[in-house]
1. Around Cys105, what is the net charge, scoring Lys/Arg as +1 and Asp/Glu as -1 over all other residues with Cβ under 10 Å from its Cβ?
2. If I model a spin label as a point 7 Å beyond the Cα along the Cα-Cβ vector, how far apart are those points for Thr85 and Glu107 in nm?
3. Using a 1.4 Å probe on the protein heavy atoms, what percent of the accessible area of the range 58-114 belongs to carbon and sulfur?
4. Gain in length, Leu166 to Ser24, computed as 0.36 nm per residue apart minus the alpha-carbon separation, to one decimal in nm?
5. Could you work out the local net charge near Pro77, counting Lys and Arg as +1, Asp and Glu as -1, over the other residues with Cβ closer than 9 Å to its Cβ?
6. Could you work out the local net charge near Lys90, counting Lys and Arg as +1, Asp and Glu as -1, over the other residues with Cβ closer than 13 Å to its Cβ?
7. How do His177, His297 stack up against each other in accessible area, from largest to smallest, with a 1.4 angstrom probe?
8. What number comes out for accessible area per residue over the range 225-284 if the probe is 1.4 Å? Units Å², please.
Amino acid sequence: MHVKILKYMTGRPPEVFASDRSPSLIAATQKRMPLTLKIYCLHHLDGNVQQNLRPVLDPLWDPFKIDFWGVYNATSPTAFDAGWTALTKKYPSAKAYLVRELYPCRENWAVAWLGFKFTCALGGPKVTATQLFHALNERTQAQTAKEQELVRQSSHRQHDTNLERLFVEPLALLRKHACPYALQTCHREMGLSVYYGVDVIQLPSRVRNWCMRDDFTNDNRFIAADWLMELVHKQALQIKRILRVSHMSTKTTHIMVQFTDGAYFCDCCMGSNLGLPCLHFFAALTRVQGMGFYITHIRTR
Ligand SMILES: [Zn+2]
């Protein structure tokens, strides 16, 4: 059925296509949209894992689930492989299914490969499958009249808020060009950004390449610094500077790379994965000279 629908799709191919792991659908998408990023729906992945492994793992099912989603969120391919090896060792009765069905297609579902790609947050960092459903619901709710009303109300309050004074130009651009969901999400991130401090990390005098650094520390990032730097290096992107964005109270830290062309990459992966700037970006925008907000930071969806 879905394969037939694909046949009648016209126009520009989508940037991302989420599917269950149906072989016929995979073959059809590969043929009809070779350049589209294919990801596997986590709802189906979760269902398949449960259907195949719960009967063989019980009573270890609950701890397995926690460990499995921990590996799913691994911050680099190296960390994923280490976690995967530990997982298959700890749960030998699950090993055959994991190795045969899920490992070969890991680049289509695991965060280490999808976290930095634009998937409208369908393939991004999630702690549990529940978070995935929340993300999906959030996107759906974004289209509702209720949200549009919230945006309208926020617009009416604009002269009373500090955010309006801090982010005059970005908000004007967002109100003119972005959809209600993008505007409301950015408004929320702007609000959270005021609790963060930002400092520019200096490249030590004898170190000539950012790839040579490995001392970034961050407990909450979704991509490892060494993997981030490898990706930057592979794509030959020119780094303008690297920023450390830290919560003033919890000291939670994120690393953000600013490129010479105005683009940026934050290790929380929200900008790359959801296509909307994160609070760390907005924190940097108000504290670091030379940072700019462009409407291209909002990915079309
Ligand atoms: Zn961020």
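The values are calculated or read from the model by the stated rules, or taken from the named source; none is laboratory data. Bear in mind the structure is a predicted one, so any value in this text is a computation, not a measurement. Here the Cβ is made from the backbone with ideal geometry for all residues, glycine too, and neighbour counts use every protein chain on show. Surface areas here come from the heavy atoms of the whole protein model, side chains and all, with no ligands, DNA or RNA. Shrake-Rupley method; radii C 1.70, N 1.55, O 1.52, S 1.80 Å.
1. So the environment of Cys105 carries a net charge of +1.
2. 2.1 nm
3. 59 percent
4. 46.0 nm
5. On the way: positive: Arg106; negative: Asp81, Glu107.
Around Pro77, the charge tally is -1.
6. +2
7. Values: His177 110, His297 25 Å².
The ranking, largest first, comes out as His177, His297.
8. It amounts to 37 Å² per residue over the range 225-284.
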